[in-house]
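Participant: Next up is a structure, given as structure tokens.
The values are calculated or read from the model by the stated rules, or taken from the named source; none is laboratory data. Just so you know, these numbers come straight off a predicted model, no measurement behind them. All Cβ positions, glycine included, derive from the backbone under ideal geometry; neighbour counts span all protein chains shown.
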Amino acid sequence: MNTAIHKRPARVAFAALLGLVIVAVSCDASAGTIDRIRQDKAIRIAYRTDAPPFSYKDKLGEPSGFIVDLCRAVAKNLTQQLSLPSLSVSYVTVTAVDRFEAIQQNKADLLCEPTSTTLSRLRWLIFQSRPSSTVPA
């Protein structure tokens, strides 16, 4: 059995997740978004309810899944980077059709859902990216 072949799906999945977080955070992380998060001490996380095990509603109706956990970690890290005592997290339900619009229309600050990288999405990201405010390391 070739272990390299079995490790490849995990590497691809990790790269996809990392790419997703980078895309989600940088898509519209303009100075205005970061400033609003800092001022309101709140972040809106968009997620899909129909993409288990990545993102879904659990038995209690709460957001759950690998990517949701990853986005919670991003929010926790952002709390520390912005030197906030706490950061309120709210969840915005999106679908495969309206997920990117939620970010574009400022309905959410962070998109947490499984997606593939395509040339058109990379173009969208390049044109949507704006200089972000300086976030302390």
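Participant: Which numbered condition in (1) farther than 13 Å from ASP109 by Cβ; (2) touching a Lys or Arg at 6+ places or on another chain (Cβ under 8 Å) is the only one that ALA46 fails?
Facilitator: Going through (1) farther than 13 Å from ASP109 by Cβ; (2) touching a Lys or Arg at 6+ places or on another chain (Cβ under 8 Å) one by one, ALA46 breaks only (1).
Participant: Another question about this same structure. Just give me the residues in segment 93-114 being touching a Ser or Thr at 6+ places or on another chain (Cβ under 8 Å) and either in a loop (DSSP other than H, G, I, E, B) or under 18 Å from ILE34 (Cβ atoms) (or both), in sequence order. Steps first, please.
Facilitator: Initially, segment 93-114 is screened for residues touching a Ser or Thr at 6+ places or on another chain (Cβ under 8 Å), giving 93, 99, 106, 109, 112-114.
Within segment 93-114, ASN106, ASP109, CYS112, GLU113, PRO114 qualify.
Participant: So, one more: Any residue in segment 76-91 that is more than 15 Å from THR33 (Cα to Cα) sitting within a Cβ distance under 9 Å of a residue that is of a type in the set (Phe, Trp, Tyr) and not in a helix (DSSP H, G or I)? List the pairs, counting only those 6 or more apart or interchain.
Facilitator: Final answer for the pair search is TYR91/TYR47.
Participant: For segment 14-42, enumerate the residues that are closer than 11 Å to ASP109 by Cβ and either modelled with pLDDT under 95 or surrounded by fewer than 16 Cβ atoms within 10 Å (Cβ to Cβ) (or both).
Facilitator: At the first step, the residues of segment 14-42 found to be closer than 11 Å to ASP109 by Cβ are 24-25, 27-30, 32-34, 36-37, 40, 42.
Correct list: ALA24, VAL25, CYS27, ASP28, ALA29, SER30, GLY32, THR33, ILE34, ARG36, ILE37, ASP40.
Participant: What single numbered condition from (1) under 16 Å from TYR47 (Cβ atoms); (2) touching a helix residue (DSSP H, G or I) at 6+ places or on another chain (Cβ under 7 Å); (3) not in a helix (DSSP H, G or I) fails to hold for LEU70?
Facilitator: (3)
Participant: Of the numbered conditions (1) at pLDDT 95 or above; (2) in contact with a Lys or Arg (Cβ under 9 Å, 6 or more places away or on another chain); (3) not in a strand (DSSP E or B), SER90 satisfies every one except a single condition; which is it?
Facilitator: (3)
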